[in-house]
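See below for the structure under consideration.
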Amino acid sequence: MRRRTFLTTATAAVGLSALAPALLSSATASARTSGGQASGAHNAPRVLGERATATGTLVRPELRFDLISVAQRPEEVAEGAAVRFETAEGTLGDWQDLHFHTGGPEHLSPSATALARAPEGATGYEVRGANGADLTAVNVRDGEDLSFSGQERVSLSAEDEGVTTLSGGSVLRLRTRSGWGADESLRFDEDGNDLWPAQFHRVQALTVHHTAMATTGDHAADVRAVYHLHAAEQAWGDIGYHLLVDPRGVVYEGRHSGGGLPIFRTLPLPGLAESVTAGHAFGFNHANIGVCLLGDFTDALPTRAAQDSLVDVLRVLCALTGVDPAARIEYVNPDTGVVTGQEAVARHRDWLDTECPGNAFAEVFDTAIRRRVVSGLL
């Protein structure tokens with residue numbers, strides 16, 4: 001009979017011993033594919049963007065658009081910022097509140113960004129309460145096809161070694177950057193220099209986010225949209241999250257790690273695992289793994305599939321890194337040495353003044369997510 005164990009630093013090695021073989025196979029480019037899908041060439045459309053500046057007047061992009069982004073300096077964000085869309089009939093819809101959250105790489109100035117999904121057939125949009133903000137209308141479907149090759153999905157799974165998740169699936173199965181269609185050219189300048197060189201630090205914390213935007217039916221396109229906005233429109237050079245989770249529970253590889261393993265520099269060992277620095281919680285990005293749910297959870301909760309998948313992801317990351325999900329830690333910024341008291345498994349709003357990961361989800365996060373991670377079986 002399998003014994004109930006809590007995911008503390010002392011028991012994390014138990015999980016690692018089962019997970020390590022699969023992680024190692026992934027690092028050597030022989031990870032198992034998920035769902036029987038083989039490697040091979042596949043296509044995804046290039047994401048298109050059209051920029052504007054918020055002046056409180058109607059903006060009519062020349063391209064068809066699926067969503068809009070509003071970005072400004074955090075200190076300029078005002079209450080009451082909202083967007084509404086013009087329909088094909090020329091009428092304006094209801095105002096929708098914009099929910100800003102602050103992120104960005106540590107070597108750049110932070111940016112507060114809000115996203116909104118455009119209704120089908122929208123011809124224009126109007127933003128109020130954010131004059132001077134940078135606006136981008138994003139088209140995720142009509143760009144030229146880009147070709148990708150290699151593994152579309154990898155499984156960091158130890159199910160063959162007898163470890164299963166709370167929901168009974170594989171331990172951690174990812175859709176790779178190639179699988180969801182990351183345009184890797186966005187990571188480099190015109191001279192081929194990496195815009196955001198990788199830095200690595202020993203993992204201290206895990207942080208949960210939401211995109212604060214209604215999803216489309218094509219969740220890989222949703223991930224490409226976030227990537228485009230972070231990498232190109234905000235000039236970060238990559239996406240700001242380590243992993244993303246869609247409403248069906250599919251997990252997507254985020255920030256490029258520079259090696260064969262997602263997230264980590266090398267095969268992770270509890271207490272020694274080094275993650276690539278991302279851009280999800282400005283001032284607290286180093287040594288902090290960011291996991292983002294696709295969707296807006298201001299007034300609604302993530303799907304059960306997304307919640308289950310998030311629990312699985314956090315559970316595995318805790319086992320691999322030695323982070324104790326039941327602990328309150330003293331987070332030490334590796335750059336500045338500043339110490340911040342924090343939950344080891346935190347919400348974005350625990351670090352910064354933001355609504356992320358949404359008021360409705362934040363209220364139940366402890367019982368719906370953190371306690372399930374703590375009481376998980378290995």
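The values are calculated or read from the model by the stated rules, or taken from the named source; none is laboratory data. What you see is a predicted model; the values in this text were computed from it and never measured. Neighbour counts run over all protein chains shown; Cβ positions are idealised from the backbone, glycine included. Ligands, DNA and RNA are stripped out before the accessible areas are found, and what is left, the full protein with its side chains, is counted by its heavy atoms. Shrake-Rupley method; radii C 1.70, N 1.55, O 1.52, S 1.80 Å.
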- [ ] Mind listing whichever residues of region 202-226 are open to solvent by 40 Å² or more (accessible area, probe 1.4 Å) and over 21 Å from THR298 (Cα atoms)?
- [x] ARG202, GLN204, ASP218
Task: Filtered residues of region 178-229 (kept if acidic (Asp, Glu) and assigned to a loop (DSSP other than H, G, I, E, B)) - done: ASP183, ASP189, GLU190, ASP191, ASP218
Open item on the list: Restricting to region 181-206, name every residue that is out of contact with any strand residue (DSSP E or B) (no Cβ under 8 Å at 6 or more places or on another chain) and on the phi > 0 side of the Ramachandran plot.
Closed with: GLY192
Task: Matching residues, region 242-256, being touching a Lys or Arg at 6+ places or on another chain (Cβ under 7 Å) and either among the basic types (Lys, Arg) or open to solvent by less than 10 Å² (accessible area, probe 1.4 Å) (or both) - done: HIS242, VAL251, TYR252
Task: Exclusive hit being of a type outside the set (Gly, Ala, Ser), in contact with a Leu (Cβ under 6 Å, 6 or more places away or on another chain) and open to solvent by less than 50 Å² (accessible area, probe 1.4 Å), set PRO325, PRO357 - done: PRO325
Open item on the list: For a quick check of your reading: which strands (runs of 3 or more DSSP E) sit entirely within region 257-370 and have at least 1 residues that are of a type in the set (Lys, Arg)?
Closed with: 328-332, 345-347
- [ ] Scan region 230-241 for residues that are open to solvent by 10 Å² or more (accessible area, probe 1.4 Å), over 24 Å from ALA346 (Cβ atoms) and not in a helix (DSSP H, G or I) and jot them down.
- [x] ALA235
Open item on the list: With more than 14 Å from the chain's Cα centre (by Cα) and surrounded by 24 or more Cβ atoms within 10 Å (Cβ to Cβ) as the only criterion, which of PRO302, PRO262 stands out?
Closed with: PRO302
Open item on the list: Take PHE282 and tell me if it is modelled with pLDDT of 95 or more, more than 21 Å from ALA44 (Cβ to Cβ) and either among the hydroxyl-bearing types (Ser, Thr, Tyr) or open to solvent by 20 Å² or more (accessible area, probe 1.4 Å) (or both).
Closed with: yes
- [ ] Go through region 90-108 and give me each residue that's assigned to a strand (DSSP E or B) and either among the acidic types (Asp, Glu) or more than 18 Å from GLU79 (Cβ to Cβ) (or both).
- [x] LEU92, ASP97, GLY103
Open item on the list: Can you tell me how many residues within region 330-354 are hydrophobic (A, V, I, L, M, F, W, C), out of contact with any strand residue (DSSP E or B) (no Cβ under 6 Å at 6 or more places or on another chain) and open to solvent by less than 30 Å² (accessible area, probe 1.4 Å)?
Closed with: 1
- [ ] Within region 73-84, identify whether any single residue is within 21 Å of GLY237 (Cβ to Cβ), among the charged types (D, E, K, R), open to solvent by 50 Å² or more (accessible area, probe 1.4 Å) and not in a loop (DSSP other than H, G, I, E, B), and answer yes or no.
- [x] no
